[in-house]
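The values are calculated or read from the model by the stated rules, or taken from the named source; none is laboratory data. Values in this document were obtained by computation on a predicted structure and should not be read as measured data. FYI the Cβ positions are ideal-geometry reconstructions off the backbone, even for glycines, and counts take in every protein chain you see.
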Amino acid sequence: MTDRHPYYEFEKDTYEIDEFDCSSIFLFVGKERALLLDTGCGIGDLKGVIRKITDKPYIVIASHGHMDHIGGAGAFDELYINPADNYFLDVSFEKMLESRRNYADFIRKREDKYYPYSTENDMLCWEKKPKLLPLSDGQTFDLGGRILTAYSCPGHTPGEMVFIDSKTRYLFCADACNRNLLLIQSGDHTEGRYVSVEKAAKAMERIVSMKDQYDHVINSHHDYRGFGAPLADYVVDQALECMKKIVDGTAEIREIPDPLQLNATKTVAVYGDVFITYNKEGVYETR
């Protein structure tokens, strides 16, 4: 399988691995061990890519349960994940493979680029499910000379997590924040799979309040930033302000091209350079 994933050391011992525009995977190398944040869709030999960078032992963490972030987890024995997102893995390996391949094929068509892999040969069905280890708010991972701290930030999914790296002073926000932010409102409150815009705004406000702990923000898709480059400094603030305007009913609403569907549009709330997709029935917590 291919191990031709582009990767870039954008800070000392800190790598962004590009899974052929499907998602970004991050590898943090400490003095004693390393940490892999997300596993992408599962294209090719991710372990082989890691071996090019480090021979240290490493732990594997999922920022959240979406297929483009946990699709490669079947290659690993253990996976840290917020239990609120465990349900994303409660599907058959065959159904997951179909979803992974469909997404990769869509990205190939959308970007209209050559990628050095084939979905048939480089995206295979899982043989086993990794042991799921609980990831909790405030949990720390000491790699030796650097500590990553995980924080809960529900919105994109119920179990979305973000991470602050003590060495680089980066906030790794995964899909919790982007210029194109998708808030997930599926299921219901009793299932624990529903995140209102109101709740997402409170979670984002807490992360914004931690700005004394980080200097830059980087997310897990480089559609709206350079590869190996942070998001614009204002994106987190604009995302929070957009959520607040959705909640108070003053958000500007527009129709824009949908980046996740070919030749389609979607309705979004806009503030500055940020646009947020949400369900108008899912704005508020139940009273």
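Closer than 26 Å to residue 209 by Cβ, aliphatic (A, V, I, L, M) and assigned to a strand (DSSP E or B): is that true of residue 276 in this structure? Step through it out loud before you land on a result.
On the way: closer than 26 Å to residue 209 by Cβ: yes; aliphatic (A, V, I, L, M): yes; assigned to a strand (DSSP E or B): yes.
Taking the combined requirement at face value, the residue satisfies it.
So residue 110 ticks every box in (1) surrounded by 20 or more Cβ atoms within 10 Å (Cβ to Cβ); (2) part of a helix (DSSP H, G or I); (3) touching a residue at least 60 places away in the same chain (Cβ under 8 Å) but one. Which box is left unticked?
Only one criterion in (1) surrounded by 20 or more Cβ atoms within 10 Å (Cβ to Cβ); (2) part of a helix (DSSP H, G or I); (3) touching a residue at least 60 places away in the same chain (Cβ under 8 Å) is unmet by residue 110, namely (1).
Quick check on my filter: what residues within region 1-58 are of a type in the set (S, T, N, Q), surrounded by fewer than 24 Cβ atoms within 10 Å (Cβ to Cβ) and not in a loop (DSSP other than H, G, I, E, B)? If you could, list the steps in order and put the result at the bottom.
Let us first name the residues in region 1-58 that are of a type in the set (S, T, N, Q), namely 2, 14, 23-24, 39, 54.
From what is left, the residues that are surrounded by fewer than 24 Cβ atoms within 10 Å (Cβ to Cβ) are 2, 14, 54.
Passing the criteria: only 14.
Looking at 50, 17, 70, which one is under 16 Å from residue 218 (Cα atoms) and free of Cβ contacts under 8 Å to residues at least 40 places away in the same chain? Let's see the steps before the verdict.
Numbers: 50 fails: under 16 Å from residue 218 (Cα atoms); 70 fails: under 16 Å from residue 218 (Cα atoms).
Going through 50, 17, 70 in turn, the sole match is 17.
Just give me the residues in region 58-67 being without any contact (Cβ under 8 Å) to a residue 40 or more places away in the chain and closer than 15 Å to residue 133 by Cβ, in sequence order.
Listed by number, the list holds a single entry, 58.
Would you check if there is a residue in region 10-31 being more than 19 Å from the chain's Cα centre (by Cα), at pLDDT 95 or above, of a type outside the set (Lys, Arg) and over 17 Å from residue 163 (Cβ atoms)?
Looking for residues that are more than 19 Å from the chain's Cα centre (by Cα), at pLDDT 95 or above, of a type outside the set (Lys, Arg) and over 17 Å from residue 163 (Cβ atoms), one finds none in region 10-31, hence no.
Just wondering, is there one or more residues in region 219-239 that are under 21 Å from residue 152 (Cα atoms), over 21 Å from the mean Cα position of the chain (by Cα), among the hydroxyl-bearing types (Ser, Thr, Tyr) and not in a strand (DSSP E or B)?
no
Would you point out the residue of region 166-183, among those that are crowded, with 24+ Cβ neighbours inside 10 Å and at pLDDT 95 or above, that is nearest to residue 222 (Cα to Cα)?
If we take residues in region 166-183 being crowded, with 24+ Cβ neighbours inside 10 Å and at pLDDT 95 or above, then 174 is nearest to residue 222 (Cα to Cα).
Name the residues in region 75-88 that are of a type outside the set (D, E, K, R) and either assigned to a strand (DSSP E or B) or under 16 Å from residue 124 (Cα atoms) (or both), would you? Give the steps one after another, and end with the answer.
Initially, region 75-88 is screened for residues of a type outside the set (D, E, K, R), giving 75-76, 79-84, 86-88.
Answer for region 75-88, where residues must be of a type outside the set (D, E, K, R) and either assigned to a strand (DSSP E or B) or under 16 Å from residue 124 (Cα atoms) (or both): 75, 76, 79, 80, 81.
Which residue is surrounded by the fewest Cβ atoms within 10 Å (Cβ to Cβ), if the candidates are limited to region 252-264 and must be in a strand (DSSP E or B) and at pLDDT below 90? Before the answer, list the steps.
Initial filter on region 252-264 (in a strand (DSSP E or B)): 252-257.
Those left that are additionally at pLDDT below 90: 256-257.
Values: 256: 13, 257: 10.
So, considering only residues that are in a strand (DSSP E or B) and at pLDDT below 90, the one surrounded by the fewest Cβ atoms within 10 Å (Cβ to Cβ) is 257.
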